Amino acid sequence: MIKGKLYIISAPSGTGKSTLIKALLKIKSLCNMKVSISYTTRAIRPGEKNNKHYYFISKYKFKKMIKNNDFLEYACVFGNYYGTSRIIIEKNINSGINMLLNIDWQGAKQIRQKITSICTIFILPPSKNELLRRLRMRNQDSEEIINKRIKQSVNEIKHYHEYDYIIINNNFNVALEDLKSIIQTEYLNLDHKSQKYNILINKLLVE
């Protein structure tokens, strides 16, 4: 069976990565794609559902899962823990499903040390002012938290060079098309095609 691939998408809060991922998953030509649901200890927000947007758990349970080596990666952001299930990712990839991970640079760094066959994508905002406007438009955080997120975004953006691809989300449709093109390019790479067409290639090489 052809294994799936792990795609990591990172960006500062408010850049629009979650919206881009949702739109990407609706593209019918990109089959066998699934977004990974992370575990978190933060409070559930209005409109969110447990087991759909996140697995909302207590800090006690999260730390217990850390001890049991249940996470492929995890991090503490603004006092809350976020983590990706190792078992869920491995099960889906081994079943031929491409997994999308919406995580920060810290999580991406941890995963690079464990999995080599991954594709990493970093999404940038067109400007700091636009990022600030989008954070305020979400109406989810206090002004104090928003200012912290803006400062944190500078530290996150410093790690852009660690990623395979960069997308600037200035125009949503253009950014979505860029993201789609990256997925299609990775699908056509030599490693994947050699795996898929191994029987055909072997027949063609027979003298």
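The table below lists the values:
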read-out: Aspartates and glutamates with Cα under 14 Å of K34, excluding same-chain neighbours fewer than 8 positions away; value: E90
read-out: Dipole of segment 1-101, positive direction: furthest Cα of L72, H53, S10, with charges on the beta-carbon; value: H53
read-out: Mean separation of Cα contacts under 8 Å (6+ apart) over length of segment 16-161, as relative contact order %; value: 21
read-out: The chain: DSSP helices with Cα axial extent of at least 27 Å and average Kyte-Doolittle hydropathy no lower than -0.5; value: none
read-out: Extension reserve of the N94-K128 stretch, reckoned as 0.36 nm per residue once the Cα distance is removed; value: 8.2 nm
read-out: FRET efficiency, I2 to K109 (Cβ-Cβ, R0 30 Å, nearest 0.05); value: 0.65
read-out: The chain - share of DSSP beta bridges that are antiparallel (%, nearest 5); value: 30
read-out: Cα-based reach from K61 at 19 Å (exclusive), listing aspartates and glutamates while leaving out same-chain residues under 8 positions away; value: D70, E73
read-out: For segment 79-120, alpha-carbon Rg over 2.2 N^0.38 Å; value: 1.19
read-out: Per-selection Kirkwood Rh - the chain (Cα, Å, 1 d.p.); value: 18.4
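Bear in mind that the values in this text are calculations on the coordinates, not laboratory data. Everything quoted here is computed from the prediction, not taken from an experiment. So basically every Cβ, Gly included, is an ideal-geometry build from the backbone, and we count neighbours across all protein chains shown.
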